[in-house]
Amino acid sequence: MKSIVLFASGSGSNVENIVQFFQNKTNVTIACVLTNKRDAKVLDRCNRLNINALYFNRNAFSKTDAVLKVLESFNPDLIVLAGFLWKIPKNLIQAFPKKIINIHPALLPKYGGKGMYGDYVHAAIKENKETETGITIHYVNENYDEGAIIQQEKVEILSNDTVPEIAEKVHNLEYEHFPRVIEKLLLEQ
Ligand code: GRF
């Protein structure tokens, strides 16, 4: 049995999609969802889906080993960031080499880095009149959006696409590919 821990701090639609994908698979379990936002919508989803969720603050995450200890207690095969914005501290990177992955809603290395998240990414893409965007699933290192790329998927942008329409196209790619990439990485271990 493989186990995953997810980090999320927003709506959590990817979390829900991943939970549903693995629901009927007996070889993968979602051990816990960790969040740094007490009022994140992802917590409502976890309640509804009967998934464990835990909240932590900045101190527990970056200044002590509290979150590290929690993660170690779950002994996860993969740690998945699904809409989580804080930079992952060194102690976690070192404890889980090649086991932490993130999804970014653009084709890295373009449109990455601090402050490039959510609609900021899609608005910048529209502003620059890009003709395509996509998703990047990558390993996490100590710099934002710079870890080795695992998989990218592209989608075309039409000149009259609005920011919400671009966001929807990107979300659809995320829903289609993220769970499958997670499954593939687990099977390869
Ligand atoms: C996704 O677009 C993901 O690429 C990014 O954060 C967003 C999370 O959306 N890292 P949701 O909370 O899963 O709806």
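What's the number of the only condition in (1) touching a helix residue (DSSP H, G or I) at 6+ places or on another chain (Cβ under 7 Å); (2) within 14 Å of the ligand (Cβ to nearest atom) that D44 fails to meet? Going through (1) touching a helix residue (DSSP H, G or I) at 6+ places or on another chain (Cβ under 7 Å); (2) within 14 Å of the ligand (Cβ to nearest atom) one by one, D44 breaks only (1). Do we find that K184 is more than 20 Å from A8 (Cβ to Cβ), assigned to a helix (DSSP H, G or I) and within 13 Å of the ligand (Cβ to nearest atom) in this structure? Here the answer is no, as K184 does not meet what is asked. For region 106-145, the set of residues classified as open to solvent by 90 Å² or more (accessible area, probe 1.4 Å) and in contact with a His (Cβ under 8 Å, 6 or more places away or on another chain) is empty. Taking every residue in region 165-179 that is more than 8 Å from the ligand (Cβ to nearest atom) and pairing it with any residue that is among the charged types (D, E, K, R) and at pLDDT 95 or above, at least 6 positions away or on another chain, the pairs with Cβ-Cβ distances below 6 Å are L173/E153; H177/E153. The C-beta contact set for region 118-132 (first residue over 11 Å from P164 (Cα atoms) and outside any helix (DSSP H, G or I), second residue open to solvent by 50 Å² or more (accessible area, probe 1.4 Å) and hydrophobic (A, V, I, L, M, F, W, C), distance under 9 angstrom, 6+ apart or interchain) comprises T131/L158. Just one of the listed residues (V67, V170, V155) is farther than 19 Å from L34 by Cβ and not in a strand (DSSP E or B), namely V170. Of all residues in region 83-107 being of a type outside the set (V, I, T) and within 24 Å of K126 (Cβ to Cβ), which is farthest from the ligand (Cβ to nearest atom)? It comes out as L107.
Sub-8 Å Cβ pairs linking a first residue in region 35-58 that is closer than 13 Å to F7 by Cα to a second residue that is open to solvent by 100 Å² or more (accessible area, probe 1.4 Å) and at pLDDT 95 or above, at least 6 apart or interchain, are N36/R58; A53/N47; Y55/R38, ordered by first then second residue.
The values are calculated or read from the model by the stated rules, or taken from the named source; none is laboratory data. The structure displayed is predicted, hence computed values, not measured ones. Note that each Cβ is placed from the backbone with ideal geometry, even for glycine, and that neighbours are counted across all protein chains shown. The area values use the complete protein model at the heavy-atom level, side chains included, leaving out ligands, DNA and RNA. Shrake-Rupley method; radii C 1.70, N 1.55, O 1.52, S 1.80 Å.
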